Structures are given as structure tokens and as C-alpha cells.
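Engineer: Sharing a structure, written as C-alpha cells. Questions coming.
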DNA sequence: GTCGACTGGTTCAAATAACAAACCGTCGGT
DNA sequence: ACCGACGGTTTGTTATTTGAACCAGTCGAC
């Protein structure tokens, strides 16, 4: 792991529930040496990616990130473009829908929306990176993303998120193959307990998935009726999102989705 | 300059007018070695801070930035909080208003708004970092920010943006001292030709400016009447922004502003 | 075709940063 | 006053990053 990756990985420890992190906590979270972490934190702070709370000495995400995000959204307004589609589908299904983009060997949430019509709901943290082998989105990414994604992932140890997570190499290969045939991925409690989800790939201008659109619901609400509804609507939504982002769905997948409908 | 700073500085070359940058262009812009730049770009890409256009091989800002920006805005919704105040002041004055936060030895635009009631307007690029010695915001920051900011800046060579930019050490010191007495900074065409601007500091919970609020107008429209109006309203707006961000204006500055009114 | 000038991308001695463990100063609790 | 935990710094040794030169592909002119 290079220096830059180590430093940037520090930023990934922030989440909705952890807004401010101190030196020692960073050391525990990252497993790196204290002196190294401190130098990295200082350098990130000097560049505005972090800022330090003068009182607690803790570190927070800094203003540079906002500035860059504003640039990115102006040039490539992905969030703004997909938001209405995500909200529409979430409304139709009454469940949480999210679009995520690939970020190395994880998925990064781009936008999510929950219609909130039910008492119980799926907790979704936009700050958290999604693992490829444990989520429906991940499986869809492995099936339709860059071809070297799966082989590279299989070389690492697959960490279980729940007792249901696929950790066996062979099983993962088969499951991904299945997703490739179906054009849609289904995972039952693989990432969070009592949550089931479906996902379909979203494409850029290459025939290679750049991200996914997914529906997540409490397992108890994931009835056959809802499953059928999702299978019928998710490929359409994936096509719409792909088109909004200026991409094209590969012809073979388009055929799979048409035949399924 | 450390590795991390070098890598992160690459990101600062993006702007509204330059959305995609190739390897060679990065080398020219940063003055670094090509191999180094390439390794940095690869590592940034692997972490989702950049993404590569498969066709042109150029690099764009990546999805990780959006994810982190979403976290930061949820935890510390500065942009959302200051937006109405900026828009209100811009409406009252009929000119461009922006709030910026300190990012190392530059200022990083947080939010800006232009009422657009005039035919000509000031061009403002939210992607561009503002230098401390050439802008009104910068002078306000030097006057009320961390005490070591000015001495550190004086050790470097002051780059002129226009023919009006202060580049002399002594003159800069005197000007900052003046700003410290006035509680407001005025710069005439120091950053962009034919643009004049005022700025006042904005504070966090320490008696040390964390940013600024500024008004920029074409020099031809910067009449005595407008100047008087800005001098009367900007300190109030700075106080409001400070309070919105949960900060406090130091007592001595509060007195200066009160006496001026 | 063959040049040349331009890309993006990759190798291998030499400069630089990471590492581990120790240390310093400060804060809050006992 | 003591203790322990915190943020931060220092030092000598080890590993990584660096940068000049080197490939390879692509475009256009001749």
C-alpha cells in the first residue's frame, strides 16, 4: 500500500456516526504507526482535506472536499441527474433505493432515497463503502464490471459481514456467473442482517459497469410479490440511469433484460 | 513538500474550465516528474479521487469526493447554513458575494452567489483557490487569522496576479495592519483586473478567523455610494455567518465594527 | 511506407519517507 | 502528587519514493 493510499484511507474512517477522530483513534482504526498517522493527518490538514477542532484536537473533514465536489458536480452532475430516478423508483417500490459507483474494489454511494412509508427501514450510511462480495450491488459490479475485478478480489480473503456473507471462492464465482446470466443480483442478508437487496449494473460509454442501482428492504418485507415487482422494474431503472449518465447498456444485457420482462 | 501534498495538489488543477487533464498536462501544470505524477494519479484513481476516461485517457475528479462531501455536509452543513445569508446580501447589494474558508495558505470558496442584476458581472470560479496577498478575503484572513500566517507568507515570494497586486513585504504588512484597525479589507484589482472587493473575517469558536465573507464588483460600479453601503452591511453579515457556523466574533473586533456603524 | 513529435506508461540507482520505540508536555481523575 | 491516557515529537534503521532515461503506440507530414 502506497503512502497516498494510506493517507486517503484515513478519510474513509469518517462516517455519519463518527464525525471527529483523534490521533489515537486513527491509529487504532488504521493499524498504522502513530508518527506516520500524525504526519499524514498534518499533511491532509495543510491541504484542507481535514481540519482540526482546536478544542478537542480531533480531526474533521475539511473544506477542500466541498470545493472539489462542487467542481465535479458542475462538470459531471451525476448526483443531480440520478436523484429524480432514484426517488421515483423508491416511491414506486416503497423501499430504499441507492445508486453507487465503483471506487477501486468497493462501491461508493452516490445517492440514496427512502420513501419512508414503512415503520421499519433500512439504515444506509452514505459514508460507508460497500464491499463487492457481500452486497447485491457488489455482485452486479463483479458480474458486469472490469473483467479483472473478480480475479483480483478472489486473491484476497473475503471478510464476512454477517453469517450469510459469501466467503467461499467457488461459491462466489458461481454466484457471479448466475448474476451474469440473470442481469440482476439478489443477496439475502449478506451485508446486514435482516436486509435483503437486489441490484443491476449501470454503464458508462464502455461496455463495462461503472456502478449499480439497488433496492434494499427488510427481509420480512421482501415477499415474492415485491421480488417480482423489483425484477420487473430494476432493469428499466438501470437503463434510465445509464442513459442519464451518458452511457450505453451492452446489447447482450439489454437482450437478457428484455427477455426477462 | 511531502508525497501526500504533491498528490493532493494535483487535484487543485481542476477547475470549471479544465475538467479533464492528461498525464503530460499534469506534468506541465505541476512541474513534477512524469513517473511520479503517473504513480500519484494511479493511486488517486485507485482510491476513487480520480477516474480515468477510458477513451481519452484523461483524468477527472472521482466519486470518492462526492461521498466525503456528503458526509461533511451532513455533519457540518456550512454550505447549507451560509447560503441564505450570502444570497440575501448579494440581493441587497446587487453584487457577487462569496464566503470562503482557509485551506492552508489559501482560501477555498465555500459558497457564492450573484444577483445577476447587471449586464456585466464578476467571474468567480468556485474551483479556484484564492491567494492571501492578492484578494480582499486574503487580507482579512491575514489580519484576523492565525498569527503565524503573515510571517510564513512573507517568507515566500509574493506572486502578482495583476499589476495592482501587493508584492512588497513592507506594504503588505502595513496594509494588513490597516485591515486589522478597520475590521474590513478593500482591494482594488489586486486579483483580477477591473474587479474591486471588500472582505470581513468570519470566526469559529476560537478568536481566530476561519474564513471570510466578501463582496466583489466591477471597479466601474464600485462607487462611493456602494462602498459606503458595503462598509455598513458587510460586518453585520460577517457576524451572522460567524454565528451560523457556531462561532463568536472577538470582542475587540465587535467594538471596531460597532464604532464604525 | 518512414520519419518525427507527440502521447501514456514503465524500469532501476539514489534521495526520501515510513517505521518502531522511546520521550515530552498536558489534561482529568483519584 | 500520582497515575494513565491523550496529542505530539524525536531518533536511528529500514523500506519506499523518486526522477532520468527508456518503451510503445498514435497521429500527421512528407
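The values are calculated or read from the model by the stated rules, or taken from the named source; none is laboratory data. Values in this document were obtained by computation on a predicted structure and should not be read as measured data. Note that each Cβ is placed from the backbone with ideal geometry, even for glycine, and that neighbours are counted across all protein chains shown.
Engineer: Only one of these is closer than 29 Å to residue A:84 by Cα and without any contact (Cβ under 8 Å) to a residue 60 or more places away in the chain: A:203, A:191. Name it.
Structural biologist: Working: A:191 fails: without any contact (Cβ under 8 Å) to a residue 60 or more places away in the chain.
Only one candidate passes the filter, namely A:203.
Engineer: Kindly establish whether residue B:39 is more than 12 Å from DNA strand C (Cβ to nearest atom) and free of Cβ contacts under 8 Å to residues at least 24 places away in the same chain. Reasoning before the result, please.
Structural biologist: Working: more than 12 Å from DNA strand C (Cβ to nearest atom): no; free of Cβ contacts under 8 Å to residues at least 24 places away in the same chain: yes.
In short, no.
Engineer: Within segment B:68-83, is even one residue within 16 Å of DNA strand D (Cβ to nearest atom) and either on the phi < 0 side of the Ramachandran plot or buried (at least 21 other Cβ atoms within 10 Å of the Cβ) (or both)? Spell out how you get there, then give the answer.
Structural biologist: Step one: of segment B:68-83, the residues within 16 Å of DNA strand D (Cβ to nearest atom) are none.
No, segment B:68-83 has no match at all.
Engineer: Right, here's the next one. When segment A:53-68 is examined, which residues are found to be more than 11 Å from chain B (Cβ to nearest Cβ) and either part of a strand (DSSP E or B) or within 10 Å of DNA strand C (Cβ to nearest atom) (or both)? Working first, answer last.
Structural biologist: Kept after step one, since they are more than 11 Å from chain B (Cβ to nearest Cβ), are these residues of segment A:53-68: A:57-59.
Once the filter is applied, which keeps residues that are more than 11 Å from chain B (Cβ to nearest Cβ) and either part of a strand (DSSP E or B) or within 10 Å of DNA strand C (Cβ to nearest atom) (or both), segment A:53-68 yields A:57, A:59.
Engineer: Of all residues in segment A:1-15, count the ones that are in a loop (DSSP other than H, G, I, E, B), closer than 19 Å to residue A:125 by Cβ and within 7 Å of another protein chain (Cβ to nearest Cβ).
Structural biologist: In the first step, residues of segment A:1-15 are kept if they are in a loop (DSSP other than H, G, I, E, B); the result is A:1-2, A:12-14.
If we keep only those that are closer than 19 Å to residue A:125 by Cβ too, we end up with A:12-14.
Next cut, within 7 Å of another protein chain (Cβ to nearest Cβ) only: A:14.
Of the residues in that region, 1 qualify.
Engineer: Sort out which residues of segment B:144-159 are surrounded by 14 or more Cβ atoms within 10 Å (Cβ to Cβ) and without any contact (Cβ under 8 Å) to a residue 60 or more places away in the chain, and write them in order of number.
Structural biologist: Of segment B:144-159, the ones surrounded by 14 or more Cβ atoms within 10 Å (Cβ to Cβ) are B:144-146, B:149-150, B:153-154, B:158.
Result: B:149, B:150, B:153, B:154, B:158.
Engineer: Of all residues in segment A:101-122, which are more than 14 Å from every other protein chain (Cβ to nearest Cβ) and at pLDDT 90 or above? Even if it seems obvious, please write down each step before you answer.
Structural biologist: Step one: list which residues in segment A:101-122 are more than 14 Å from every other protein chain (Cβ to nearest Cβ), which gives A:114-122.
Listed by number, the list holds a single entry, A:114.
Engineer: Does segment B:219-231 contain any residue that is under 17 Å from the mean Cα position of the chain (by Cα) and surrounded by 17 or more Cβ atoms within 10 Å (Cβ to Cβ)? Lay out the reasoning, then the answer.
Structural biologist: Applying the first criterion (under 17 Å from the mean Cα position of the chain (by Cα)) to segment B:219-231 yields none.
No, there is no match, as no residue in segment B:219-231 is under 17 Å from the mean Cα position of the chain (by Cα) and surrounded by 17 or more Cβ atoms within 10 Å (Cβ to Cβ).
Engineer: Inside segment B:107-130, can you point out the residues that are touching a residue at least 12 places away in the same chain (Cβ under 8 Å) and over 18 Å from residue B:14 (Cβ atoms)?
Structural biologist: First pass over segment B:107-130, keeping only residues touching a residue at least 12 places away in the same chain (Cβ under 8 Å): B:107-115, B:117-118, B:120-130.
Those that are touching a residue at least 12 places away in the same chain (Cβ under 8 Å) and over 18 Å from residue B:14 (Cβ atoms): B:111, B:113, B:114, B:115, B:117, B:118, B:120, B:121, B:122.
Rundown of residues vs (1) more than 16 Å from DNA strand C (Cβ to nearest atom); (2) within 12 Å of chain B (Cβ to nearest Cβ); (3) farther than 30 Å from residue A:139 by Cα, yes/no style:
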residue: A:70; (1), (2), (3): yes, yes, yes
residue: A:81; (1), (2), (3): yes, no, no
residue: A:84; (1), (2), (3): yes, no, no
residue: A:89; (1), (2), (3): yes, no, no
residue: A:99; (1), (2), (3): yes, yes, no
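Engineer: Just for segment A:16-47: of the residues that are outside any loop (DSSP other than H, G, I, E, B) and facing chain B (nearest Cβ under 7 Å), which one is surrounded by the fewest Cβ atoms within 10 Å (Cβ to Cβ)? Spell out how you get there, then give the answer.
Structural biologist: Going residue by residue through segment A:16-47, those that are outside any loop (DSSP other than H, G, I, E, B) are A:18, A:21, A:23-30, A:34-46.
Still in the list and also facing chain B (nearest Cβ under 7 Å): A:40, A:43-44, A:46.
Numbers: A:40: 24, A:43: 22, A:44: 23, A:46: 18.
Here the residue is A:46.
Engineer: Follow-up. Being away from DNA strand D (no atom under 12 Å from the Cβ) and under 19 Å from the mean Cα position of the chain (by Cα) is the filter; apply it to segment B:1-27 and report the residue that is nearest to residue B:38 (Cα to Cα).
Structural biologist: B:11
Engineer: For segment B:2-36, name all the residues that are within 8 Å of DNA strand C (Cβ to nearest atom) and closer than 18 Å to residue A:10 by Cβ.
Structural biologist: Answer for segment B:2-36, where residues must be within 8 Å of DNA strand C (Cβ to nearest atom) and closer than 18 Å to residue A:10 by Cβ: B:2, B:3, B:4.
Engineer: So if I check each of A:174, A:189, which one is more than 14 Å from chain B (Cβ to nearest Cβ), out of contact with any helix residue (DSSP H, G or I) (no Cβ under 8 Å at 6 or more places or on another chain), surrounded by fewer than 23 Cβ atoms within 10 Å (Cβ to Cβ) and more than 15 Å from residue A:256 (Cα to Cα)?
Structural biologist: On the way: A:189 fails: out of contact with any helix residue (DSSP H, G or I) (no Cβ under 8 Å at 6 or more places or on another chain).
After applying the criteria, what remains is A:174.
Engineer: Could you please let me know if residue B:75 is within 14 Å of DNA strand C (Cβ to nearest atom), facing chain A (nearest Cβ under 7 Å), under 30 Å from residue A:13 (Cα atoms) and in contact with a strand residue (DSSP E or B) (Cβ under 9 Å, 6 or more places away or on another chain)? Spell out how you get there, then give the answer.
Structural biologist: Working: within 14 Å of DNA strand C (Cβ to nearest atom): no; facing chain A (nearest Cβ under 7 Å): yes; under 30 Å from residue A:13 (Cα atoms): yes; in contact with a strand residue (DSSP E or B) (Cβ under 9 Å, 6 or more places away or on another chain): yes.
In short, no.
Engineer: Do we find a residue being within 18 Å of residue B:95 (Cα to Cα) and within 14 Å of another protein chain (Cβ to nearest Cβ) anywhere in segment B:193-213? So that I can check it myself, show each step before the final result.
Structural biologist: First, the residues of segment B:193-213 that are within 18 Å of residue B:95 (Cα to Cα): B:193-200, B:212-213.
Checking which are within 14 Å of another protein chain (Cβ to nearest Cβ) leaves us with B:212.
Scanning segment B:193-213 turns up at least one residue that is within 18 Å of residue B:95 (Cα to Cα) and within 14 Å of another protein chain (Cβ to nearest Cβ).
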